[in-house]
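The values are calculated or read from the model by the stated rules, or taken from the named source; none is laboratory data. Since the model is a prediction, treat every value here as computed from it, not as a measurement. All Cβ positions, even for glycine, are placed from backbone atoms using ideal geometry, and neighbour counts span all protein chains on display.
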Amino acid sequence: MATLVVTEALVQCAAGATPSAMTIVGNVIAGEGMVGNISSAIPFVNVESFSVCSILAAETLGVDTECVPAIESWVPGVPTVLIGEEFALDQASILSCNIGGVITIEFPGQIQIIAAA
């Protein structure tokens, strides 16, 4: 069973200083909000900054460097549930940042909607 991710889910990058709330744009509502899909990974639209990036700070010799997510799409998603022709986003999905961090879902934004995996 998979817990689907909705608007206001909390995500965290392993290289980021703070968690970020997700914003899901769409028209499929379940439980407490819009349901995301694996393409819900647009920087500063779906995924905000994680404040300071430790990888970029290390490259600049300790200078605090703003996190700018360099991301593509979540994997693996839920292949049995389609949201706008894409796999639904679930709490087990991860998102790799091209800078080197890995983004995970700390809280899916709801606990009511369960999808069969």
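Before moving on, here are some points about what is shown:
- Residue in region 17-31 that is in contact (Cβ under 8 Å) with a residue 12 or more places away in the chain and farther than 17 Å from GLN110 by Cα present: yes
- VAL11 being more than 16 Å from ASN98 (Cα to Cα), at pLDDT 90 or above and assigned to a loop (DSSP other than H, G, I, E, B): no
- Scan region 18-52 for residues that are modelled with pLDDT of 90 or more and either surrounded by 15 or more Cβ atoms within 10 Å (Cβ to Cβ) or part of a loop (DSSP other than H, G, I, E, B) (or both) and the total you get is 23.
- Looking across region 8-17, the residues that are crowded, with 17+ Cβ neighbours inside 10 Å and either touching a His at 6+ places or on another chain (Cβ under 9 Å) or not β-branched (Val, Ile, Thr) (or both) come down to ALA9, GLN12, CYS13, ALA15, GLY16.
Yes/no per residue for (1) in a strand (DSSP E or B); (2) at negative phi:
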position: LEU61; (1), (2): no, no
position: ASP64; (1), (2): no, yes
position: PRO69; (1), (2): no, yes
position: SER73; (1), (2): no, yes
position: LEU82; (1), (2): yes, yes
position: SER96; (1), (2): yes, yes
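- Whichever residue in region 57-73 is over 28 Å from SER40 (Cα atoms) and out of contact with any helix residue (DSSP H, G or I) (no Cβ under 8 Å at 6 or more places or on another chain) and, among such residues, is modelled with the lowest pLDDT: GLY62
- Subset of region 53-77 that is crowded, with 16+ Cβ neighbours inside 10 Å and under 14 Å from the mean Cα position of the chain (by Cα) - its residue that is farthest from GLN91 (Cα to Cα): PRO69
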